[in-house]
Amino acid sequence: MSILKLALSSNAETVDGMAKNLSDAASQMATGATENAAALEEIRATMEEIHSNTKKNSENMLEADNLMTQVAQEMVSADQSMTDVLQAMKTIAESGQAINKIIKTIEDLSAKSHLI
């Protein structure tokens, strides 16, 4: 019986050691799962921040596009205004030349009427 007791005692120690190993492994798995959950939470928060930044960048790009469209329209308007100003200056110069011709004609007539 003592051999049986020794065998049972040895087997009990082996089972106890295996139970401790199993408990340690379960504890390590629980710790790993907790760490993984924390890491996943960090990843989720980072992805949410990336999504928010991407959305904001997209909104900023749309606003910049709208502003560039407005600038282009203003440039077309400014170009037309400059064309109008140049045309008005040309008309004024032509009118000045016509006035000079009229003045010359009047001066010529005035000079001729003094001769008479």
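All of the numbers you see were taken from the coordinates with simple rules; none came from a lab. What you are looking at is a predicted structure, and each value in this text was computed from that prediction instead of being measured. Here the Cβ is made from the backbone with ideal geometry for all residues, glycine too, and neighbour counts use every protein chain on show.
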Would you confirm, using the coordinates I've provided, whether Ala19 is surrounded by 10 or more Cβ atoms within 10 Å (Cβ to Cβ), assigned to a helix (DSSP H, G or I), out of contact with any Ser or Thr (no Cβ under 6 Å at 6 or more places or on another chain) and of a type in the set (Gly, Ala, Ser)? yes
In this structure, is Lys112 loosely packed, with under 10 Cβ neighbours inside 10 Å and in a helix (DSSP H, G or I)? yes
